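The structure appears right after this line, and notes come after that.
The values are calculated or read from the model by the stated rules, or taken from the named source; none is laboratory data. Computed from a predicted model, the values in this text were never measured in an experiment. Cβ atoms come from the backbone with ideal geometry, glycine included; neighbour counts cover every protein chain shown. For accessibility, only protein heavy atoms count, side chains too; no ligands or nucleic acids. Shrake-Rupley method; radii C 1.70, N 1.55, O 1.52, S 1.80 Å.
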Amino acid sequence: MTTATITTTRQSTPSATPATPATPSATPATSATGAVRLAHGDGWFTVCDRGLLTPGRGVSVLLPDGDQAAVFLDRSGRVHAVGNRDPFTGAYVLARGLLGSAGGRPFVASPLLKQRFDLATGACLDDEDVSVPVFAVRVE
């Protein structure tokens, strides 16, 4: 699985559109174009063009505060973003994980120890006490 690091740029939040806290991240995409933006801090950050994402694969994104997110385009065309750090190993590898679904819910399996993380909630499907952060996503 190819991982690309994309440096983000800070975009101010328009007064009519307040920043959304990290909530379920799936945003249906109706076309192959548009900017993928993540809610982070007090604003939205442009990550990349949606056309650069490959269905079923992830990319790692370096956020302005030095943290990382893993951004995925699932095979149904939805964009998801979770923290890139695997909480079991401390390695920043979730963007290289395998996408799948359990009970109709998309997940990423860590490429190291194979724990699965729900892409909408961040919850670990294999250990209920563990989770990863989830970033709200929109494609504009």
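Worth pointing out:
- Picking from residues in the range 66-107 that are part of a strand (DSSP E or B) and hydroxyl-bearing (Ser, Thr, Tyr), the one that is farthest from Arg37 (Cα to Cα) is Ser101.
- Of all residues in the range 107-129 being open to solvent by 30 Å² or more (accessible area, probe 1.4 Å) and either in contact (Cβ under 8 Å) with a residue 40 or more places away in the chain or within 28 Å of Thr46 (Cβ to Cβ) (or both), the one that is farthest from the chain's Cα centre (by Cα): Pro111
- The set of residues in the range 34-70 that are open to solvent by 20 Å² or more (accessible area, probe 1.4 Å), touching a Lys or Arg at 6+ places or on another chain (Cβ under 9 Å) and on the phi > 0 side of the Ramachandran plot contains only Gly41.
- Unique residue being of a type outside the set (D, E, K, R), open to solvent by 40 Å² or more (accessible area, probe 1.4 Å) and modelled with pLDDT under 95 when the list is Gly104, Gly77: Gly104
- Selection count where residues are closer than 30 Å to Asp129 by Cβ, in contact (Cβ under 8 Å) with a residue 40 or more places away in the chain and either among the acidic types (Asp, Glu) or part of a strand (DSSP E or B) (or both), scope the range 38-65: 10
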